[in-house]
1. Where does chain B land at 222 nm, in deg cm²/dmol rounded to the nearest 500, when only DSSP H runs of n ≥ 4 count, each adding -39500 (n - 2.57), divided by all residues?
2. Only loop residues by DSSP count here, and only those with at most 13 other Cβ atoms within 10 Å; note down the trypsin sites (Lys or Arg not before Pro) in the stretch A:24-83 that meet that.
3. Tell me the net charge near A:G16. Cut-off is 13 Å between Cβ atoms, A:G16 excluded, with +1 for each Lys or Arg and -1 for each Asp or Glu.
4. Tell me the chymotrypsin sites (Phe, Trp or Tyr not before Pro) within the stretch A:1-74 that lie in a loop according to DSSP and have at most 14 other beta-carbon atoms within 10 Å.
5. How far is it, in nm, from the label point at B:L81 to the one at B:W100 when both lie 7 Å from their Cα along the line to the Cβ?
6. Can you spot the lysines whose alpha carbon is less than 19 Å from A:K18's alpha carbon? Ignore those fewer than 8 places along the same chain.
7. Given a Förster distance of 30 Å, report the FRET efficiency between A:A51 and B:K47 from their Cβ-Cβ distance, rounded to the nearest 0.05.
8. Once you list every other residue whose beta carbon is under 11 Å from the beta carbon of B:V48, what net charge do they have if Lys and Arg are +1 and Asp and Glu are -1?
Protein chains: 2
Amino acid sequence: MFDPVCPSGLSPIRVGDKWAAMIIRCLEEGPRRFSELRIPLRGITAKVLTASLRTLERDGFVVRTVCPGPARHVEYALTPLGRSLLEPMNFACAWMEEHWEELLDAREAASPTG
Amino acid sequence: MFDPVCPSGLSPIRVGDKWAAMIIRCLEEGPRRFSELRIPLRGITAKVLTASLRTLERDGFVVRTVCPGPARHVEYALTPLGRSLLEPMNFACAWMEEHWEELLDAREAASPTG
DNA sequence: CAGGATCCTACTGGATACTG
DNA sequence: CAGTATCCAGTAGGATCCTG
């Protein structure tokens, strides 16, 4: 899913914006800091990550906690509502695992170059 | 779902493009013609419906059948692969029914105007 | 009837540079 | 460290008009 080669990119099922599902997966095991999130999400810019996190926060899927101090940092964590999204996400993944070959075949048959 | 007031518009889970899920619902009971599809999909323009149907066709979710004759018409029907999408769609609907109030509450709490 | 052609707007996502 | 500010390209979606 985090690999650019991963076929999850062709899934017709999307949760939130481009990065939302991956962010939720990153938070599945526990809270993560802003800069920690940027590592698995290779290539995401600070602005885009911020925007996606703000949307997740607005919808009540994620909570943002500022930890002040000399080395200030911010933690993001899933709320129960955000965690509940894992169910439809897993269901979508199961559908994808079962059908991605048919999907690829259909696209190849539809493309003129093969 | 087809009503502009329906809260399905705020679901974070999307299947295909803006109209894909509604088109699939329209085809659930059997084949439908182009102009038949335009009725429940209030306001959709011919170009946009065509584009969405072409994508569904390319991915193998829908088949297009031209019925020639004096009164030419075209029928669209779900393939087994397209029909299999109803499962994750129903799952997403179930999630939405269970959580849309929490979602609304979160958005209201996040909006400055209430 | 079932589109295709053209034009247009708004939004999404990203590159780059800067800041408390 | 965790963003914000600006600028920018690509795309999705739509309005309108035309056609085999």
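Where a number appears in this text, it was derived from the coordinates with a stated rule and is not lab data. Just so we're clear, the structure is a prediction, and the values are computed from it rather than from any experiment. When we count neighbours, we look across all protein chains shown, and the Cβ atoms used for this are built from the backbone with ideal geometry, even at glycine.
1. For chain B, the value works out to -15000 deg cm²/dmol.
2. Numbers: sites: A:R25, A:R32, A:R33, A:R38, A:R42, A:K47, A:R54, A:R58, A:R64, A:R72, A:R83; in loops: A:R42, A:R72.
Filter output for the stretch A:24-83: A:R42, A:R72.
3. Working: positive: A:R14, A:K18, A:R25, A:R54, A:R58, B:R14; negative: A:D17, A:E57, A:D59.
Counting the neighbours of A:G16, the net charge comes to +3.
4. Passing both the DSSP loop test and the Cβ count: A:F2.
5. Placing both labels 7 Å along Cα→Cβ, they lie 3.1 nm apart.
6. In chain and number order, the partners are A:K47, B:K18.
7. Values: r = 30 Å, r/R0 = 1.00.
The computed FRET efficiency comes out at 0.50.
8. Values: positive: B:K18, B:R38, B:K47, B:R54; negative: B:D17.
That sum, taken over residues with Cβ under 11 Å, equals +3.
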